[in-house]
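First the structure, in the form of structure tokens, and then the observations on it.
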Amino acid sequence: KKKKLNDIYYSKDYEEAKKKIISFNYDKKFKEIKCNNFTLFIRQSNSNKYIIVSSGLHGNEFITGSAIQCKIMDEINKNEFTEKCPNIIIVHCINKYGCINSDRFNKSNVDLNRNCLKFSIIDEHDNKSYNKIKNIFNPRLKFFKWIKNIIKYGSNNIHNGLLKGQNTNARNIYGRGV
């Protein structure tokens, strides 16, 4: 009986994904480097080009990314990899806490996708829209007060306030962990 693609590459949870990606390094064409919270698999060549494939930035979305990484490793193992091919770096499950707990945020409540500013320029990029709307999302407001604030501040402030992240309080929504 032939296995389905889902059975071969997809995992049901973090522990299975971790075992599965290690198993797809069966020809040891990738150097495995274990970091504190994630694992790197590196396939080096003489090229000055790189392909970086990451999974698990948002832990609740890692299953598909991990499956793609397994498929890439499987294909490289099955095919000839010339020295002209780019270097390949696979970063498996960057946000281990999020992957284990099916959470977008890491254990410090940081959305890693919003945590991308250089520390030297954070003050220049303080999210003023977030400062206007932070009370809408962080404390528990009664429904009608919540709606009133949304009308008061408008959709642009809400959009910018949330999606740009904030460095005011790491425990609040979209905190950058500063």
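The values are calculated or read from the model by the stated rules, or taken from the named source; none is laboratory data. Predicted, not measured: the structure shown is a model, and the values here were computed from it. Because the Cβ atoms are built from the backbone with ideal geometry, glycine has one as well, and the counts that use them run over all protein chains shown. Areas reflect the complete protein model, heavy atoms only, side chains present, ligands, DNA and RNA absent. Shrake-Rupley method; radii C 1.70, N 1.55, O 1.52, S 1.80 Å.
Scanning residues 5 or more positions from Val53 or on other chains, those with amide H under 5 Å from its amide H are Ile89, Ile90, Val91, with H placed 1.01 Å from N in the peptide plane. Residue separation of Ile51 and Asp27 scaled by 0.36 nm, minus their Cα-Cα distance, works out to 6.7 nm of gained length. With respect to the cross-link table entries Lys49/Lys71; Lys31/Lys107; Lys18/Lys78; Lys28/Lys49; Lys20/Lys78; Lys20/Lys49, which display a Cα-Cα separation exceeding 24 Å? Table pairs above 24 Å Cα-Cα are Lys31/Lys107; Lys20/Lys49.
Most tightly packed first, judged by the mean number of other beta-carbon atoms within 10 Å of their residues, the peptides 47-60, 87-100 read 87-100, 47-60. By accessible area, using a 1.4 Å probe on protein heavy atoms only, region 1-105 has 51% of its surface on carbon and sulfur. Let me test this: with uniform point scatterers at the alpha carbons of region 1-88, what is the Debye-based log₁₀ I(q)/I(0) at q = 0.20, 0.21, 0.23 1/Å? Log-scaled intensity ratios, in q order: -0.99, -1.07, -1.24. Packing-based ranking of 6-16, 70-80 yields 70-80, 6-16, ordered from highest to lowest mean Cβ neighbour count within 10 Å.
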